[in-house]
Amino acid sequence: MAINRFQELALITRCVAADDRNAFGQLVDAYSESLRRFLLGLTKGDSALADDLAQETFLKAYLSIRSLEGVTRFRSWLFRIAYNEFVSDLRRRSRLSNTGEDIPDIADETPDETPISADNLTEAIAQLPETQRAVVQLFYYEDFPVARISSITSLPETTVRSHLFRARNRLAVILEKYRNL
């Protein structure tokens, strides 16, 4: 269900003014598919984890919808919450693993060196570090402009562009390795 900016604002107003759960349900219906697709990419296809993160995202969005500023698009705000939930989950899992190591800097993580099928771009993207994977998904799959991606990830626009550049280069290397086999 696609909604325009006016419909989105009307639904948000109903949520804030009357605590209208039906209106929030319509927002969930409108954005759940793209949010789940984004989270599936971040979690490397782990649908159970993606569903858990999506549920947490919508719950946090519902509980804090009154803090949404009118200038911000709900979708951008929702994706920012989802991205933050994903990063928080990575940190929780790292602490639970009892390795004694802090979570590595997401931007500095190296991908697996295993070649993949050139026909399955999803597998190639899954090999990217989390931040690059998030930026690629937001830019190419969700059609967010760099400025919105910057807002969602809290990264400067130049850093977003840099992650896109590095991700494209890494993907080219991964796919080239497959072609040379």
Checklist entry - Quick one: ranking Y62, Y31, Y141 by accessible area, 1.4 Å probe, largest first, what do you get? => result Y141, Y62, Y31
Next on the checklist: Once you keep just the Cα pairs under 8 angstrom separated by 6 or more residues, what percentage relative contact order results for the range 9-74?
Outcome noted: 29 percent
Checklist entry - How much area per residue is accessible in the range 10-77 when the probe is 1.4 Å and only protein heavy atoms are counted (Å²)? => result 52 Å²
Checklist entry - HN-Hα J couplings of the range 147-161 from phi, Karplus 6.51/-1.76/1.60, θ = phi - 60°, integer Hz, Gly and Pro as x? => result 4, 5, 4, 4, 5, 5, 8, 6, 9, x, 4, 5, 6, 4, 4
Checklist outcome for this item: Of E33, E8, ordered by accessible area with the largest first and a 1.4 Å probe, the sequence is E33, E8
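The values are calculated or read from the model by the stated rules, or taken from the named source; none is laboratory data. Remember, it's a predicted structure, so these values are computed and weren't measured experimentally. Heads up: the accessible areas ignore ligands, DNA and RNA and are worked out on the full protein's heavy atoms, side chains in. Shrake-Rupley method; radii C 1.70, N 1.55, O 1.52, S 1.80 Å.
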